[in-house]
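Below is one structure, written out as structure tokens; the observations come after it.
Please treat every number below as a calculation from the coordinates, not as lab data. Just so it is clear, the structure is predicted and the values come from calculations on it, not from any experiment. A quick note on method: Cβ atoms are made from the backbone with ideal geometry, for glycine too, and the neighbour counts reach across all protein chains shown.
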Amino acid sequence: MNYQVALITGASSGIGKATAENLAKQGIKLILLARRAERLETLKTTLSAQTQCHIIACDINDHATLENELSNLPVIFQNIDILVNNAGLALGMSPAHETDWIDWQTMINTNCMSLAFLTHLILPGLVKRNHGHIINIGSIAGTYHYKGANVYGATKAFVEQFSGNLRSDLLGTAIRVTNIEPGMLNESEFSLVRFKGNETKADQVYADLEPLKSSDIAESVSWILNQPGHVNINRIEIMPVQQASGGPITAKKV
Ligand code: 8X3
């Protein structure tokens, strides 16, 4: 497919950064969105030999700024045809009754509200041009239950259902939608954020394991985008070999 401009959220690290690097190799112009301006500037400099980048340094939950930035894009970046909704986070792994409300709110705002907000902003342009691809970064936590996933898993179930429902609404157009559902992935700040900067806890998650790398997911993004125009990859679930779903669990009577 002949794509020209990709908007990638959470572009400063992990899957977002690896996706930016891959799409740059394909000469796709990039709008890099994340909070950390310095990191985006560095990435822009690194990619400058391959493609042109436009930086939007803002919190994805700052919808007013987001709307303003996207209404005032330089001309060459205006016809976005790839949206990679990658920004998202997990906060905590405590049982539901021991969590902080603010963590639940932050996950719902970032993973659901802001993903929906940005999609809502971009979608009319895609439909008008009858061209484009929305790639959502979901999670296996949207399908499989596990202890401590409570609201995080639920937000990713939202992303999966939203992706499928978009497909239904976009039927009859050439626009494609995919939900990528990765399992355990290192080389991102996922666990560090989940455990609020506790490196020991974050490292324990991956001890004696070979988790996915951000580049594994970026490769999938490229494969999905480069399918012939009549092909839509609806969802793709990817785990490291050392991860599988465990099925129902039980507890003895107390
Ligand atoms: C994160 C994947 O396996 O840590 O989205 O829940 S997992």
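Laid out as a table, the results:
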{"quantity": "Any chance T65 is over 18 Å from F162 (Cβ atoms) and within 16 Å of the ligand (Cβ to nearest atom)", "calculated": "no"}
{"quantity": "Total residues in segment 123-144, condition within 16 Å of the ligand (Cβ to nearest atom) and part of a helix (DSSP H, G or I)", "calculated": "3"}
{"quantity": "Hits in segment 162-185 - residues which are more than 15 Å from the chain's Cα centre (by Cα) and of a type outside the set (S, T, Y)", "calculated": "G164, N165, L166, R167, D169, L170, L171, G172, A174, I175, R176"}
{"quantity": "Matching residues in segment 145-166 - criterion: being of a type in the set (G, A, S) and either near the ligand (Cβ under 8 Å from one of its atoms) or assigned to a helix (DSSP H, G or I) (or both)", "calculated": "A149, G153, A154, A157, S163, G164"}
{"quantity": "Members of segment 137-151 found to be under 15 Å from R194 (Cα atoms) and in contact with a Lys or Arg (Cβ under 8 Å, 6 or more places away or on another chain), listed by number", "calculated": "S139, A141"}
{"quantity": "Residue among K201, K128 that is free of Cβ contacts under 8 Å to residues at least 40 places away in the same chain, surrounded by fewer than 23 Cβ atoms within 10 Å (Cβ to Cβ), of a type outside the set (V, I, T) and within 18 Å of L83 (Cβ to Cβ)", "calculated": "K128"}
{"quantity": "Residue under evaluation N2, criteria (1) more than 23 Å from I180 (Cα to Cα); (2) in contact with a His (Cβ under 9 Å, 6 or more places away or on another chain), criterion not met", "calculated": "(1)"}
{"quantity": "Test result for G172, without any contact (Cβ under 8 Å) to a residue 40 or more places away in the chain and closer than 30 Å to E210 by Cβ", "calculated": "no"}
{"quantity": "Positions within segment 159-175 being touching a helix residue (DSSP H, G or I) at 6+ places or on another chain (Cβ under 8 Å) and either surrounded by fewer than 18 Cβ atoms within 10 Å (Cβ to Cβ) or farther than 24 Å from G92 by Cβ (or both), in sequence order", "calculated": "L166, L170, T173, I175"}
{"quantity": "Filtered residue count, segment 176-205, keeping only those that are out of contact with any Lys or Arg (no Cβ under 9 Å at 6 or more places or on another chain), over 19 Å from T110 (Cβ atoms), outside any helix (DSSP H, G or I) and more than 10 Å from the ligand (Cβ to nearest atom)", "calculated": "1"}
{"quantity": "Selection from segment 206-236 of residues that are within 14 Å of the ligand (Cβ to nearest atom), within 17 Å of I8 (Cβ to Cβ) and in contact with a helix residue (DSSP H, G or I) (Cβ under 7 Å, 6 or more places away or on another chain)", "calculated": "S214, I217"}
